[in-house]
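Derivation of every value follows stated rules applied to the coordinates shown; laboratory data play no part. Just so it is clear, the model here is predicted, and its values are computed rather than measured. No Cβ is skipped: glycine too gets one built from the backbone with ideal geometry, and neighbour counts run over all protein chains shown.
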Amino acid sequence: MSKLRAAARSGRGLQQGAGDVRKSPRRCRENVSSHKDVLPPVSAQQSAYHLFSHPAEIEAFRKNLLAWYDKCKRDLPWRKLAASESDTNRRAYAVWVSEIMLQQTQVATVIDFYNRWMQKWPTLQALAKASLEDVNELWAGLGYYSRGKRLQEAAQKVVSERAGQMPGTAEELQKLLPGVGRYTAGAIASISYGQVTGVVDGNVIRVLCRVRCIGADSSSPAVGNRLWDLANALVDPARPGDFNQAMMELGATVCTPRAPLCMECPVKHHCRASCRVEKELEFASRRLLGQAASSFPQAPDLEECAAAATGICSLCPPATEPWDSSLGVANFPRRAAKKQPRAERTATCVLERRGHRREPEYLIVQRPSSGLLAGLWEFPSLPWGPEQKEKQQTEALLGHVQAWAGEAVARGCLRYVGEVGHVFSHIHQTYVVYSLLLGGDPEMASGGRDKELERPAFRWVTQAEFQKSAVSTAMKKVWKVFEQQSCEGRGPGKGCKRKRGADPLHVGQLKVEADCSRPLRQLSLEAFLKAPTGE
């Protein structure tokens, strides 16, 4: 191994390019031996220390990782389908759906959604025929809702433009399918078609950065390109799909962001971050035992990038971010500081009426077809401007609600319910929740002025229908708070019965005049809508 280390320090080893290997499935299987375990030449700003320096090391890495994967892999529904499905189109579709669902979403959350999806739309053709409303309804609660829409659009494109035949290479998948990027294309092509191409997702980034001590910002283009080079050089040409899944599995279950299970890692002997941790522990143990200073070096004999001290290696951590012994291998990967989500506030009103059968019904409206939560349904909502005063905000909400409720709003009581927080990827949203019970003829509610207003789609739904509708997780949180307020005071084992006659408000709700049948203009708007003390 000393020769390998010397080669790494001096920049020797395999430097001749393989790049992103993309071949047709048949050629991949026939020419397995043609795959070279090599990397493109390093630039002047990158040290060969961060590469794999010898084919024997790469082969040992593959062997150890795949042996572990065969023994320890999780039993997941998409893996079963990929292994049992003989039709390549159906297999690629099954893998594709799983990869889209798994983007930014935990495996445990995805499993149930995936099973229901594949049961409802087992083929590409079935999904292409589905309505966007059905897609949104099934996707509701999974988050990042544009993924489902793009998945259906891509299915329709494959059916209409390619007669239902999935693209057969990673390059074609990425080029032709909306919502399919480099990682997803590589995963589908390697798992479904046996294409010898690597993948790089968050789990793989973590594994590679620790194995090769890559401490620079992993989101930078230079580091990203090197990680793809490493992934393509490491992938096993005989089992590319299994190898890529093994890398992701390792990052998800063993090489985790915090508290990694290094003792259980099948490739720990190839991990330079782990080696550094062991050397530091050995050094600390010697000091603890009180060995004479002359009997061991003053600093651990650590193998490090020779260019690190000069600060010119673009793959090493910045000099301003030294190794933190308390983190161990979790020093890697390093990422740029995450931008904090912006804070926004939205007022939303649960507008309720009695339906034809006297069953409670609730108004939901459809969001625009583009942007955040595109096409999903929500209670009537209104963003609150940061410069608006509280009185202006509540007046605006009342006007918004009156537009939906028509004349019946005069017989209702707008009540403050509470606040609900929900974090999107880039927004920390706070929903200020109100409720309004309408009276009178249900035909009147939101019906008298429809022709005068250009409105989005809307509908009145029962509680059961609301739960089945394509509503976001945030709206389900709003419903939960509203339901808790409505059911307050019920006894053990009793059904939820809301008191309508008297004022049922409790701490944290608006106090309003008992006689809500008077025209709203006779009330003081400020008193009517004033938030509770301490809000």
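What the table below lists for this structure:
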| item | result |
| --- | --- |
| For Trp384, distant residues with modelled amide H under 5 Å away | Arg345, Thr346, Ala347 |
| Amide H contacts of Thr256 (H built 1.01 Å from N, under 5 Å, at least 5 apart or other chain) | Leu261 |
| Sequence of Ser469, Ser131 once ranked by neighbouring C-beta atoms within 10 Å, starting from the fewest | Ser131, Ser469 |
| Counted charge near Trp121, where neighbours are those whose Cβ lies closer than 13 Å (Asp, Glu -1; Lys, Arg +1) | +2 |
| Amide H contacts under 5 Å for Leu376, placed H, 5+ residues apart | Arg367 |
| Karplus 3J(HN,Hα) series, Hz, for the range 200-207 with 6.51 cos²θ - 1.76 cosθ + 1.60 (x for Gly, Pro) | 9, 10, x, 5, 5, 4, 4, 4 |
| Residue order, fewest to most beta carbons within 10 Å, for Cys487, Cys262, Cys209, Cys271 | Cys487, Cys262, Cys271, Cys209 |
| Surrounding net charge for Ala374, when Lys and Arg each add one and Asp and Glu each subtract one, Cβ distance under 9 Å | +2 |
| Given Lys63/Lys268; Lys73/Lys175; Lys339/Lys477; Lys339/Lys480; Lys149/Lys468; Lys149/Lys175, the pairs whose alpha carbons are separated by over 22 Å | Lys73/Lys175; Lys339/Lys477; Lys339/Lys480 |
